[in-house]
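Engineer: Dropping the structure in here first, questions after.
The values are calculated or read from the model by the stated rules, or taken from the named source; none is laboratory data. Everything numeric here is computed off the predicted structure, so don't read it as measured data. Counting neighbours? That spans all protein chains shown, and the Cβs are built from the backbone with ideal geometry, glycine included. Heavy atoms of the whole protein, side chains included, go into the accessibility calculation; ligands, DNA and RNA do not. Shrake-Rupley method; radii C 1.70, N 1.55, O 1.52, S 1.80 Å.
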Amino acid sequence: MDGVELSMENISVAYNGDITVLQGVALRAQPGEVTGIIGPNGAGKSTVLKTIFGLLTTRTGAIHMGGRDITGLKAFQRALEGIAFVPQNRSVFPGLSVYDNLLLGCWPFRKDKARITRAIAATFDKFPVLKERSASPASALSGGQQRFLEIARALVTDPKVILLDEPTAMIAPKISKDIYALTRSLADQGATIILVDQNVRQCAAISDRLHILELGRNKAEGTKEDFATDGQLKEMVAEWMNYRIDV
């Protein structure tokens, strides 16, 4: 997977035109790395991902992908550029089969039948449990399997940048472990991963760089090593978490 650098500079976003959610947020994510975003509820973490994907319009600032300004692109155009988004809330089409859910993920290259065949075959190689259930309706899958289907559907486009919003929320611990392992593996293969997660311990364990958001602003950022050794950074996390981070 060939990732690219993605950056946000001085991003401000408001809901309904007057409810400011992000204020001057900056972020830089590199290929081959997991960039984790952590912070208390309401900090604006999910809003960052929605803004990168183009679901929200920026008031100020710019978003660059591989050195190109994509701030004015719509969500479907950003998907064509190689950004994939897995939202926190369930997004499978329950009445469609596993195969058809994956087929919908191929929409950006829907006229290239050979590519569709290759993409779905590669996806089934990566997710054998989905291959076994390819004809089953998505509603028949367990919660963990549905989450894997959502991730798999995002991967059929061979994206450069993958946005994951709380991928293990409401998922059993064993499946969560597999999802974190997959996330780390995708980055090791070269993808640019931006991960929003409330599980600070796990997020810190697989991330190369961490950003702390608070009230829609950058509060701190650093490498995993910084968060392991810098007492001030640990104290920032401790302000809103009841356990220390282990990295």
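Engineer: Between the stretch 146-171 and the stretch 26-64, what is the separation of their alpha carbon centroids in Å?
Structural biologist: The stretch 146-171 and the stretch 26-64 have Cα centres separated by 16 Å.
Engineer: Return one whole number: the accessible area per residue of the stretch 28-178 in Å², for a 1.4 Å probe.
Structural biologist: With the other protein chains kept in place, the stretch 28-178 gives 47 Å² per residue.
Engineer: Sticking with this structure for a sec: Putting +1 on Lys and Arg Cβ atoms and -1 on Asp and Glu Cβ atoms, find which of Met65, Ala138, Phe53 reaches farthest to the positive end of the dipole of the chain.
Structural biologist: Of the listed residues, the answer is Ala138.
Engineer: Further, regarding this structure: Taking the Cα-to-Cβ direction at Glu214 and at Gln198 and moving 7 Å from each Cα, how far apart do the two end points lie in nm?
Structural biologist: The answer from the label model is 2.0 nm.
Engineer: Another question, if that's okay. Convex hull over the Cα atoms of the chain, averaged projected area in nm²?
Structural biologist: 13.1
Engineer: Roughly how big is the chain's charge dipole about its Cα centre, with Cβ charges of +1 (Lys, Arg) and -1 (Asp, Glu), in debye to the nearest 20?
Structural biologist: So the dipole magnitude of the chain works out to roughly 800 debye.
Engineer: Determine the alpha carbon to alpha carbon distance for each of Lys131/Lys219; Lys50/Lys131; Lys111/Lys174; Lys111/Lys224; Lys126/Lys219; Lys74/Lys219 and list only those over 32 Å.
Structural biologist: Lys131/Lys219; Lys111/Lys174; Lys111/Lys224; Lys126/Lys219
Engineer: Here is a further query. What is the dipole size for the stretch 140-194, taken about its Cα centre, with +1 at each Lys and Arg Cβ and -1 at each Asp and Glu Cβ, in debye to the nearest 20?
Structural biologist: Here the stretch 140-194 has a charge dipole of around 100 debye.
Engineer: A follow-up question, please. Sequence gap at least 6, Cα distance under 8 Å: using those rules, report the relative contact order of the stretch 1-154 to the nearest whole percent.
Structural biologist: On the way: 200 pairs, mean separation 31.2, N = 154.
With pairs under 8 Å counted, the relative contact order is 20 percent.
Engineer: Can you pull the percent of the chain's accessible area that's carbon plus sulfur, 1.4 Å probe, other chains left in place? Numbers along the way, then the final one.
Structural biologist: Details: 5850 of 11520 Å².
With neighbouring chains kept in place, the figure for the chain is 51 percent.
Engineer: How big is the antiparallel share of DSSP beta bridges in the chain, given as a percent to the nearest 5?
Structural biologist: Of all bridge pairs located within the chain, approximately 55 percent are antiparallel.
Engineer: I would also like to ask the following. Would you list the membrane-span-like helices of the chain, meaning whole DSSP H runs whose alpha-carbon atoms span at least 30 Å along their axis and whose mean Kyte-Doolittle value is at least 1.0?
Structural biologist: none
Engineer: Right, here's the next one. Tell me, in nm to one decimal, what length is gained between Asp188 and Glu225 on full extension, where the rule is 0.36 nm per residue of separation less the Cα-Cα distance?
Structural biologist: Numbers: separation 37, 0.36 × 37 = 13.32 nm, distance 1.80 nm.
Here the answer is 11.5 nm.
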